[in-house]
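These notes concern the structure reproduced below.
The values are calculated or read from the model by the stated rules, or taken from the named source; none is laboratory data. Nothing here was measured: the structure is a model prediction, and the numbers come from that model. Positions of Cβ are generated from backbone atoms using ideal geometry, with glycine treated the same way; all protein chains shown enter the neighbour counts.
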């Protein structure tokens, strides 16, 4: 397993709050195996409420929980941080960890693109789309999102724990 990662912090633009201090992380080529293997790995590290599918093709975020996305198949370009954020290319084996509030959108993908999503402690996610009326409540909810006990892939000693605890 390759434990290198990329870290991104995004500004609040008044519609997409992003996270005030936690960075989004991307681990490259860290996952091997199939969806069942990935789900077991997530569950072992207390990330659950898993689903398999696509990333929405519109900007959105979750204000009440952090999210991890494992790329199971294919490749895509994802926008992170909302419309003023950054486009990143991801492919099979990559993992994203998105703090509550970080916008994300599928900008285009291969036909076989598929991700598995999961949340710390199996929390339910909400869905915000950058509407002005969502903003103030989301700003209050984002810092209250439960802090994970472990990195979804590398456990208690994974980069997530070091980066998010610093």
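Below, the figures for the structure above:
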| item | result |
| --- | --- |
| Any hit, region 7-28, residues being in contact with a helix residue (DSSP H, G or I) (Cβ under 7 Å, 6 or more places away or on another chain), within 17 Å of residue 116 (Cβ to Cβ) and surrounded by 16 or more Cβ atoms within 10 Å (Cβ to Cβ) | yes |
| Qualifying residue in region 31-45 (condition: part of a loop (DSSP other than H, G, I, E, B), at pLDDT 95 or above, closer than 20 Å to residue 145 by Cα and under 15 Å from the mean Cα position of the chain (by Cα)) | no |
| Selection count, region 55-77, where residues are more than 16 Å from residue 101 (Cβ to Cβ) and part of a strand (DSSP E or B) | 7 |
| Tally, over region 45-61, of residues that are under 14 Å from residue 17 (Cα atoms) and touching a helix residue (DSSP H, G or I) at 6+ places or on another chain (Cβ under 9 Å) | 1 |
| Members of region 93-130 found to be touching a strand residue (DSSP E or B) at 6+ places or on another chain (Cβ under 9 Å), without any contact (Cβ under 8 Å) to a residue 60 or more places away in the chain and in a loop (DSSP other than H, G, I, E, B), listed by number | 110, 112, 113 |
| Subset of region 73-87 (residues that are within 25 Å of residue 147 (Cα to Cα), more than 12 Å from the chain's Cα centre (by Cα) and buried (at least 18 other Cβ atoms within 10 Å of the Cβ)) | 82, 85 |
